[in-house]
Amino acid sequence: MERLMIQVPEKKSKLIKSLLKELGVIIENDTFKLASELNAMIKPGKKPTMDEIVEEVRAVRAKR
């Protein structure tokens with residue numbers, strides 16, 4: 001299977017997702033976006049603790 005990333009206008013998002021699902025396309029949630037945001041928060045050379053990682057994930061999710 002090929003992996004594609006597309007940008008869809010918010011007004012058409014539900015329609016596009018339903019059409020793609022009918023065609024058998026697997027739609028991933030905002031996992032990639034969330035991972036990118038978390039990676040941007042990490043300072044170079046610093047290894048975060050698990051508690052810090054959990055705190056950052058919760059903070060990002062709370063913004064939604």
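The values are calculated or read from the model by the stated rules, or taken from the named source; none is laboratory data. All of these numbers come straight from a predicted model, not from anything done at the bench. Heads up, the Cβs are rebuilt from the backbone with ideal geometry, glycines too, and the neighbour counts pull from every protein chain shown.
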Of the conditions (1) in contact (Cβ under 8 Å) with a residue 24 or more places away in the chain; (2) within 20 Å of Lys63 (Cα to Cα); (3) not β-branched (Val, Ile, Thr), the single one that Glu52 does not satisfy is (1)
Expected output for the stretch 6-17 (first residue under 17 Å from Lys33 (Cβ atoms), partner in a helix (DSSP H, G or I), Cβ below 7 Å, 6+ apart or cross-chain) is Val8/Ile16
For Gly45, the lone unmet condition from (1) surrounded by fewer than 10 Cβ atoms within 10 Å (Cβ to Cβ); (2) at negative phi; (3) not β-branched (Val, Ile, Thr) is (2)
Residue pairs qualifying under the 8 Å Cβ cut-off, at least six apart or on distinct chains, with the first in the stretch 24-38 being more than 20 Å from Glu56 (Cβ to Cβ) and the second being assigned to a helix (DSSP H, G or I) and modelled with pLDDT of 75 or more, are Ile27/Lys17; Ile27/Leu20; Ile27/Lys21
Picking from Leu38, Leu23, Leu34, Leu4, the residue that is exposed (fewer than 11 other Cβ atoms within 10 Å of the Cβ) and under 17 Å from the mean Cα position of the chain (by Cα) would be Leu4
